[in-house]
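**Student:** Questions regarding the structure given below will be posed in turn.
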Amino acid sequence: MIALVFAYETDEAAQFEEVYGSNGPWAAFFSRGPGYVGTELLRDVEQAGRYVVVDRWESRDAYNRFVADNRDEYMRRVDETAYLYRQELRHGTFENVWADGHPAAP
């Protein structure tokens with residue numbers, strides 16, 4: 001599994017949460033793609049208007065295939081929602097570090 005991690009700063013918190021949340025239009029768009037696992041929206045409790053979005057996919061190939069197959073709509077959505085934030089920072093694409101494919105027991 002991979003996780004694409006982005007940080008945002010916004011002055012439009014309610015609208016941002018609606019669009020980028022796990023039931024929002026971005027998640028609905030991704031859910032059409034085979035291999036999409038889900039989206040998590042995290043709100044900073046110390047700094048108002050700061051969020052982290054984590055999009056999970058079964059594999060890098062699944063994500064890349066979805067983006068390639070839906071490039072025009074993806075870019076249209078980026079353009080249509082850019083007004084919702086004043087800053088976007090892509091932290092990267094991360095994968096689970098599990099020796100046997102499962103999380104280690106505590």
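**Student:** Per DSSP H run of n ≥ 4, the term is -39500 (n - 2.57); total these for the chain, divide by its residue number, and report the mean residue ellipticity at 222 nm rounded to 500 deg cm²/dmol. Numbers along the way, then the final one.
**Tutor:** Values: 4 runs with 35 residues, N = 106.
After summing the helix terms and dividing by the residues of the chain, the value is -9000 deg cm²/dmol.
**Student:** In nm, what is the difference between 0.36 nm times the number of residues separating Val67 and Asp11 and their Cα-Cα distance? Working shown, then result.
**Tutor:** Numbers: separation 56, 0.36 × 56 = 20.16 nm, distance 2.81 nm.
Between Val67 and Asp11, full extension yields 17.4 nm more.
**Student:** How high is the relative contact order of region 24-106, in percent, with contacts defined as C-alpha pairs under 8 Å that are six or more residues apart? Could the numbers behind the result be given before it?
**Tutor:** On the way: 52 pairs, mean separation 16.4, N = 83.
RCO, region 24-106: 20 percent.
**Student:** Accessible area per residue for the chain in Å², computed with a 1.4 Å probe and the full protein assembly in place, what is it?
**Tutor:** 66
The values are calculated or read from the model by the stated rules, or taken from the named source; none is laboratory data. Keep in mind the model is a prediction, meaning the values are calculated, not measured. Calculation scope for accessible area: heavy atoms of the full protein, side chains included, ligands and nucleic acids excluded. Shrake-Rupley method; radii C 1.70, N 1.55, O 1.52, S 1.80 Å.
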